[in-house]
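K.L.:
One structure, as structure tokens, below. Some questions next.
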Amino acid sequence: MATDPFYVLMFYLYFNQKGYTLRAWLKSGHIDYIKPVKSSLVFYFDLSLEDFDKAEKALKENGRFVGIFKALGKNKEGEIYVTMDSEVYLRDLNYQKPA
């Protein structure tokens with residue numbers, strides 16, 4: 001589905017601006033088609049500062065982060081037709097284990 005890279009890209013761009021060198025990819029995805037689509041859909045992606053903080057804490061402590069984030073596909077009336085779970089994997093390529 002065309003929504004696959006969005007959460008990965010949002011995390012990658014955020015941490016790239018903070019100076020991290022990451023390897024980032026979609027580890028897995030799950031799509032749930034709730035009902036047949038008869039019109040165009042708009043997909044909604046939501047990340048909070050808390051999501052970024054949680055990821056940064058994991059990167060600093062372990063050098064990697066894995067999290068699952070939901071995207072919603074809605075029609076113009078706001079009805080949900082599709083949900084997609086994206087499992088994001090991030091690895092800090094400059095991480096050094098504490099001695």
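FYI, it's all coordinate maths here, none of it is from the lab. Remember, predicted model here, so these are calculated numbers, not experimental data. Quick reminder, even Gly has a Cβ in these numbers, built from the backbone with ideal geometry, and neighbours come from all protein chains shown.
K.L.:
Which ³J(HN,Hα) values, rounded to whole Hz and listed in residue order, are derived for the stretch 30-44 from phi using the Karplus coefficients 6.51, -1.76 and 1.60 in 6.51 cos²θ - 1.76 cosθ + 1.60 with θ = phi - 60°, glycine and proline given as x?
P.N.:
Per-residue couplings from phi come out as 9, 10, 10, 8, 7, 7, x, 8, 10, 8, 5, 10, 10, 9, 10 Hz.
K.L.:
Counting only other residues whose beta carbon sits under 14 Å from that of Phe65, what net charge do I get with K and R as +1, D and E as -1? Display every interim value, and only then the final one.
P.N.:
Values: positive: Lys18, Arg23, Lys27, Lys54, Lys57, Lys60, Arg64, Arg91; negative: Glu50, Asp51, Asp53, Glu56, Glu61, Glu87, Asp92.
Combined, the nearby Lys, Arg, Asp and Glu give +1.
K.L.:
Pick from Val82, Val37, Val66: which residue has the top mean-square fluctuation in a GNM of the chain where Cα pairs under 10 Å get a spring?
P.N.:
Judging by the Gaussian network model, the answer is Val37.
K.L.:
State the label only: which of (1) 118; (2) 97; (3) 76 corresponds to volume of the Cα convex hull per residue in Å³ computed from the shown model?
P.N.:
(2)
K.L.:
Let me ask something additional. Can you work out ³J(HN,Hα) from phi for every residue in the stretch 70-83, in order, using Karplus 6.51 cos²θ - 1.76 cosθ + 1.60 and θ = phi - 60°, giving whole Hz and x for Gly and Pro?
P.N.:
9, 10, 10, x, 10, 7, 5, 8, x, 6, 8, 10, 9, 10
K.L.:
Rounding to the nearest 20 debye, state how big the charge dipole of the chain is about its Cα centre with +1 on each Lys and Arg Cβ and -1 on each Asp and Glu Cβ.
P.N.:
Dipole about the Cα centre, nearest 20: 240 debye.
K.L.:
Could you tally up the Lys pairs in the chain with alpha carbons closer than 17 Å? Skip any pair fewer than 8 positions apart unless they're on separate chains.
P.N.:
Taking the chain as the scope, the lysine pair count is 11.
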